[in-house]
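Since the structure comes first, as structure tokens, the remarks are kept for the end.
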Amino acid sequence: MPKLGYVRTEKPVLEASYQVAYQMANAKKPYTIAEELVKPCILEVVKTILGKDEERKVQQVPMSNNVIRNRIIDMSEDILEQVITDIKATLAKISLQLNESTDISHCSQLIALVRYVKNEEVLEHILFCESLKTTTKGQNVFDLIKEFFLKHGLDMNIVGSICTGGAPAMLGNRSGFAALMKRKIPEVRVTHCMLHRYALATKTLPKSLQDVLSTCVKIVNVIGGRSLSHRLFQAFCESMDSEHTVLLYHTEVRWISRGRVLQRIIELREEIKTFLKDQKLDLFSSFDSPNVRSEDFGKFLGITITRFPCISKKALTVLVPFATTYLFFRLFFM
């Protein structure tokens, strides 16, 4: 092999290359910066502190775009292989969490997470994230799951429970994914994610609480959506030595963070009130109206996960049958 131009990579050099790839993947950074930025910085540091001889040793660490990409693929495949091995070895049924979402490039992504028992401990891992090439019907999701199980030699009967969102493609009575799974595995238990049900429940709030949310959203858009208003409000909060200087945005996609938005408005309530009054904005009357009082905020926060953050986070992982939708949205949207 050396005659053909191939040189055997020493173990420390190879391990260092994998460490760089791991850190970049863990930080969710593009692997292209390894060759363009990371390696030149490392070489400059080593050269300055340790000298040119040590620099030449570090120069041997491969960090090209293709190398880092292949390292990341190798590590991900190894992790998946470990998870598959653990699933095959477990005696208990496994649980699946499925969620389909469309990214900014209009590509439909299906993410599957698995929960299983290993050494009397419940573990949770991402099983796969695959694209749905054409339609996103229940049959497409079922075929993708079936193909994955066949590819890795898994028996579909090992699935004991499934948790999905409330989309018709997932929970349809006839052609939904849940219905297709029940035909394949009659004893499987299908649940609707509690956090999705929570989101649906908030859409039927009493009018007084709906007014609170709509007023807060308008205030956030007026102050944070305009560059001048944003700068003035930030300077105003700094002059008052406020704990926070910016408001948090609320969108329907990030419905989990709704409570955080309201909590920030409560903490900056007096600053917002004074700022709206000084700027002579029409929202001042709405913000100071009887419908938007502290007790209304308290009631609203009482049905969000931010009233008791520590307890709710613990409850999500313990009490909810399969709460990884929360992890999914935190991963991609929060």
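For the reader, a short list of remarks on this structure follows.
- Number of the exception - Phe148 against (1) within 19 Å of His192 (Cβ to Cβ); (2) at pLDDT 90 or above; (3) among the aromatic types (Phe, Trp, Tyr): (1)
- When the test is whether a residue is in contact with an Asp or Glu (Cβ under 8 Å, 6 or more places away or on another chain) and charged (D, E, K, R), Lys28 does not pass it.
- Screening segment 38-152 for helices (runs of 4 or more DSSP H) wholly inside it with 3 or more residues that are in contact (Cβ under 8 Å) with a residue 60 or more places away in the chain returns the ranges 65-89.
- Applying the criterion of at least 3 residues that are among the aliphatic types (A, V, I, L, M), at pLDDT below 75 and under 30 Å from Gly165 (Cα atoms) to the helices (runs of 4 or more DSSP H) found wholly in segment 190-287 leaves 194-202, 207-224.
- Among the residues here, Glu44 does not qualify as out of contact with any Ser or Thr (no Cβ under 9 Å at 6 or more places or on another chain) and at positive phi.
- Filter pass, Ser64 being polar (S, T, N, Q), touching a helix residue (DSSP H, G or I) at 6+ places or on another chain (Cβ under 8 Å) and on the phi < 0 side of the Ramachandran plot: yes
- Here Gln82, Gln19 are screened, and the one residue that is more than 30 Å from Gly165 (Cβ to Cβ), under 29 Å from the mean Cα position of the chain (by Cα) and exposed (fewer than 13 other Cβ atoms within 10 Å of the Cβ) is Gln19.
The values are calculated or read from the model by the stated rules, or taken from the named source; none is laboratory data. Source: prediction; values computed, not measured. Methodologically, a virtual Cβ is constructed for each residue, glycine included, from the backbone with ideal geometry; neighbour enumeration extends over all protein chains shown.
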